[in-house]
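The values are calculated or read from the model by the stated rules, or taken from the named source; none is laboratory data. Keep in mind that what you see is a predicted model, and the values were worked out from it rather than measured. Here the Cβ positions follow ideal geometry from the backbone for every residue, glycine too, while neighbour counts run over all protein chains shown.
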Amino acid sequence: MGRNFQRSRIYKWESEWSDWNRQTLSLKKCRKLIHAACKLFDLKMLPVVKRSEEQFSYHRKAGEIGLLKQHQTPAVALHEAAHYIVFQTDGRHGHDELFMGVYLVLLAHFRIAPRDALEHSLRKRKIKWIQVKKKGRS
Ligand SMILES: [Zn+2]
């Protein structure tokens with residue numbers, strides 16, 4: 001299976017949680033949230049910049065996270081932070097079980113939704129994850 005085998009499942013799953021897609025944060029708040037996520041895994045903060053084109057996400061080469069205005073939500077900020085964390089700690093990218101494990105830790109830690117509810121809905125969507133431990137202090 002390719003590394004992006006569950007990408008579309010994850011995208012669909014995210015769209016089910018309608019609050020995630022409604023709540024808009026300022027770029028400053030996104031930055032703060034991503035910073036806190038980095039700290040949780042003992043990683044350096046990376047630049048978080050505003051993007052006006054289609055390009056948004058974690059850019060490995062540029063070493064930054066770009067966000068469109070409509071993607072300035074807690075869930076998208078943490079999704080991109082999870083890409084950064086996985087790449088820094090494991091050199092991997094894509095939406096595999098490790099990515100989902102890190103993303104799940106972040107979503108629960110920052111109280112986007114309770115872990116039990118997240119796990120339940122992931123199982124329903126047949127999305128896989130592995131158990132991941134936070135590395136830094138919270
Ligand atoms: Zn992604």
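So is HIS35 modelled with pLDDT of 90 or more and either touching a Gly at 6+ places or on another chain (Cβ under 9 Å) or within 24 Å of GLN131 (Cα to Cα) (or both) or not?
In short, yes.
Quick one: which of ALA75, ALA81 is within 12 Å of the ligand (Cβ to nearest atom), over 18 Å from LEU43 (Cβ atoms) and either surrounded by 22 or more Cβ atoms within 10 Å (Cβ to Cβ) or not acidic (Asp, Glu) (or both)?
ALA75
Please indicate, with yes or no, whether at least one residue in segment 92-111 is surrounded by 15 or more Cβ atoms within 10 Å (Cβ to Cβ), aliphatic (A, V, I, L, M) and within 11 Å of the ligand (Cβ to nearest atom).
For segment 92-111, residues surrounded by 15 or more Cβ atoms within 10 Å (Cβ to Cβ), aliphatic (A, V, I, L, M) and within 11 Å of the ligand (Cβ to nearest atom): present.
Right, ALA62: over 17 Å from ASN4 (Cβ atoms), modelled with pLDDT of 95 or more, surrounded by fewer than 20 Cβ atoms within 10 Å (Cβ to Cβ) and of a type in the set (A, V, I, L, M, F, W, C) or not?
For ALA62, the condition - over 17 Å from ASN4 (Cβ atoms), modelled with pLDDT of 95 or more, surrounded by fewer than 20 Cβ atoms within 10 Å (Cβ to Cβ) and of a type in the set (A, V, I, L, M, F, W, C) - is not met.
Select the strands (runs of 3 or more DSSP E) contained entirely in segment 26-119, then report the ones holding at least 3 residues which are in contact with a His (Cβ under 7 Å, 6 or more places away or on another chain), in contact (Cβ under 8 Å) with a residue 60 or more places away in the chain and on the phi > 0 side of the Ramachandran plot. Show your work before the answer.
On the way: elements: 48-50, 57-59, 64-67.
Qualifying strands (runs of 3 or more DSSP E): none found.
Filter segment 99-114 down to residues that are modelled with pLDDT under 95 and not hydrophobic (A, V, I, L, M, F, W, C) and give me whichever is farthest from the chain's Cα centre (by Cα).
Per the stated criteria, the residue is PRO114.
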